[in-house]
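Below is one structure; the comments refer to it alone.
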Amino acid sequence: MKPADSLKEKIDLLPESPGVYMYFDKDGTIIYVGKAKRLRRRVKSYFNREHAINRTNRLVRNIADLKYIVVNTEEDALLLENSLIKEYKPRYNVLLKDDKSYPWICVTNELYPRVIITREDVKKAHGKYFGPYPNISVVRNVLDLIREIYPIRTCSLPITRELIGRKKYRVCLEYHIKNCMGCCTGEICSENYNEYIEEIRQILSGNIAQLSDYLLGQMQKLAADMKFEEAHELKNRYLLLEKYKSKTVIVSAQIHDVDVFSFVRDDDNAYVNYMYVRNGAVSKSFTLELKARLGETDAEMLTFAIGEIQAKFGQQNRETIVPFYPDMEFAERVFTIPQRGDKHKLLKISEKNALQYKSDKHKRADKLNPEQRIMRVLTTMQRDFRLKELPRHIECFDNSNIQGSNPVASCVVFKNAKPSKRDYRHFNIKTVVGPDDFASMREVLTRRYSRMLAEGQDLPQLVVVDGGKGQLSSAVEALDAIGLRGKIALIGIAKRLEEIYFPGDSIPLYIDKNSESLKVIQHLRDEAHRFGITHHRNKRSKAQTVSLLDGIKGIGPVTREMLLRRFRSLKRIKDASLEELSEVVGKSKAVVIFNSIREIPDSIV
């Protein structure tokens, strides 16, 4: 069952990340909402076969368009799917239409508060809510752990000061086994009890260090007492608690009705993602693309986007989360720039969707016009690395040696930002004794570009050396010596922090980790390292093989060369039968080799 061409293009560009997808019919109505650990793989599965269930086949035939929202985790996708299904009630979704909610933990508003599990709608009047949680077992284990630490009440009695004064209740078994402090009879005052409750609120808000310390202590104590089964049970609870720590913000009791706007700039284009959050749940996500015409600022473009989206959807919330303030005030909006917490995380999820929209746009354009991507990458590199011309031809150098043994260097070549493997070159270091990376770099660049000049070859626009200021200085000296200083741009990349160094500048440049420029340079560096290591390993292996064969009496250079040409490695020579050896060197030499090579340990073959 093949999708239409326009839909197939969208499916091919889907990311392999967690998220929620929404299918639309020809009228633009949402007919299905689903979640996925890998969006592209999941959506493709609908179209690559005939399904056993007719309802699914009918769904696929009615799909005219799709949209998606990317999130951080599969659990976030699960909860977002829940809220969207309740919001839109799609025709083909069966589950979750009964308004069954995920569990929350509620700390009630009472004289002696309770900590309970609830599936009711979040109501501030009933208490403070924490969650939601996709798995009820996680909630129960958290409550069990809290109740092991704090003697809080588990009964549902309506305790008031008046009823305590009238001695309405008597303590129960929980009091006698020290699981409760006798709230119903006033054995503990409400002020002391509420100190426990405040600590519990801190734990449920994410500050679980105290709880973790308690668990570790109990585990160690049980293990020391040889109670391994109980320790293992506690370990399982600890692992569940660790899972609980990664609390979702896709649906949150702490975030009620808000609008979220994130902003991503790309040269003259901007991408503004809008998320509409109602009753603590994301119910809408939309990305607007803007193109600057007169050099507008980020604040001006954000202001325009807010007005455009407000006009498009009509509905709006008063509280509006933004990455920075727009350049004008809106009568019905109060802007917030969160620095931490759930609102900041929600802003980051919105930004992630804006970045994904930008990435999808570039992929679509690249598919239609591959040259356009190349020009975009090269233009970005020219700007980032302050080059006079587009770096269509780039070369990268890397040294490889182990304590000075078998020193080699590699040169990899990229043309139009892609590897040109036929132009890769290896160098055996000839003039340097010992592990001197700086001198090796000077030798290699001198040999490489002296030869290119002599043969009239086109020089690269950019040379990258794998290393920091020391290797870069050596490269500058080499180009100086052959008169190419200033004719070829040079940069060095330090491994630890991906710092970019320029000649004569001691302060490195730090490029955005998502930049296409940095990705190309990292690819160059990694290729040079891989290519050099492979050559070094082969050279070291060959040298070791030659040395071992020279130690066998009666084996000279000619015989050794014949053996290596036929068997390629010492291991294959050792594994060869007497008959196979005889075919190459004759029976008498084959017997000597066969007996001698068996004495060489496998560990060095």
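The values are calculated or read from the model by the stated rules, or taken from the named source; none is laboratory data. Predicted model only: the values in this text are computed from it and were never measured. Virtual Cβ from ideal backbone geometry, glycine too; neighbours counted across all protein chains shown. Heavy atoms of the whole protein, side chains included, go into the accessibility calculation; ligands, DNA and RNA do not. Shrake-Rupley method; radii C 1.70, N 1.55, O 1.52, S 1.80 Å.
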Requested in this report: Sticking to Cα atoms, compute the Rg of the chain to one decimal and its Dmax as the biggest Cα-Cα distance, whole number, in Å.
Outcome: 34.2, 112
Report summary line: Taking the reciprocal of mean 1/r across every pair of different Cα atoms in segment 291-406, the Kirkwood radius in Å is 18.7
Query - segment 29-36 - phi-based ³J(HN,Hα) in whole Hz, Karplus 6.51/-1.76/1.60, Gly and Pro as x - result: 8, 5, 10, 7, 10, x, 10, 7
Report task. Putting +1 on Lys and Arg Cβ atoms and -1 on Asp and Glu Cβ atoms, find which of L7, V444, M219 reaches farthest to the positive end of the dipole of the chain. Result -> L7
Query raised in the report: Over the alpha carbons of segment 378-528, what is the largest minus smallest coordinate on each principal axis, giving the biggest first in Å?
Result: 39, 36, 29
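Roughly what % of DSSP beta bridges within the chain run antiparallel, to the nearest 5? Spell out each step's value before the answer.
Numbers: 60 of 76 bridges.
For the chain, the DSSP antiparallel bridge percentage is about 80.
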Report task. Note the angle between two axes, namely the Cα long axis of helix 298-313 and the longest principal axis of the Cα atoms of the chain, as a number of degrees from 0 to 90, rounded to the nearest 10. Result -> 50
**Report entry** Rounded to 10°, Cα long-axis angle of helix 136-149 versus longest principal axis of the chain
**Finding:** 70
Report summary line: Counting sequence-distant residues (5 or more places) and residues on other chains, those with an amide H built under 5 Å from that of K284 are Y276
Query raised in the report: In Å², what does the accessible area per residue of the chain work out to with a 1.4 Å probe?
Result: 53
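Once the convex hull of the alpha carbons of segment 475-535 is built, what does its volume come to per residue, in cubic angstrom?
Each residue corresponds to 111 Å³ of Cα convex hull volume.
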Query raised in the report: From the backbone phi of segment 379-387, what are the Karplus-calculated ³J(HN,Hα) couplings (6.51 cos²θ - 1.76 cosθ + 1.60, θ = phi - 60°) in whole Hz, Gly and Pro given as x?
Result: 5, 5, 5, 4, 5, 5, 9, 6, 8
**Report entry** Value of [θ]222 nm, deg cm²/dmol, for the chain, DSSP H segments ≥ 4, -39500 (n - 2.57) each, nearest 500
**Finding:** -14500 deg cm²/dmol
**Report entry** Ratio Rg/Rh, restricted to segment 436-507 and using Cα atoms, in which Rh is the Kirkwood radius
**Finding:** 0.97
Report task. Would you grab the residues whose amide H sits under 5 Å from the one on I511? Only those 5+ places off in sequence or on another chain, please, with H modelled 1.01 Å from N. Result -> I500
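Just the C-alpha atoms of segment 356-440: what Rg/Rh do they give, with Rh taken as the Kirkwood radius?
Dividing the radius of gyration by the Kirkwood radius yields 1.17.
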Query raised in the report: Of K487/K519; K363/K418; K67/K89; K89/K361; K418/K487, which pairs sit farther than 18 Å apart, going by alpha carbon to alpha carbon?
Result: K487/K519; K89/K361; K418/K487
Report summary line: Its Cα gyration tensor gives segment 317-359 an equivalent ellipsoid whose semi-axes in whole Å, largest first, are 20, 14, 9
Query raised in the report: Can you run phi through the Karplus equation (6.51, -1.76, 1.60; θ = phi - 60°) for segment 574-589 and list ³J(HN,Hα) in whole Hz, with x for Gly and Pro?
Result: 5, 7, 5, 7, 4, 5, 5, 5, 5, 4, 8, 10, x, 5, 5, 5
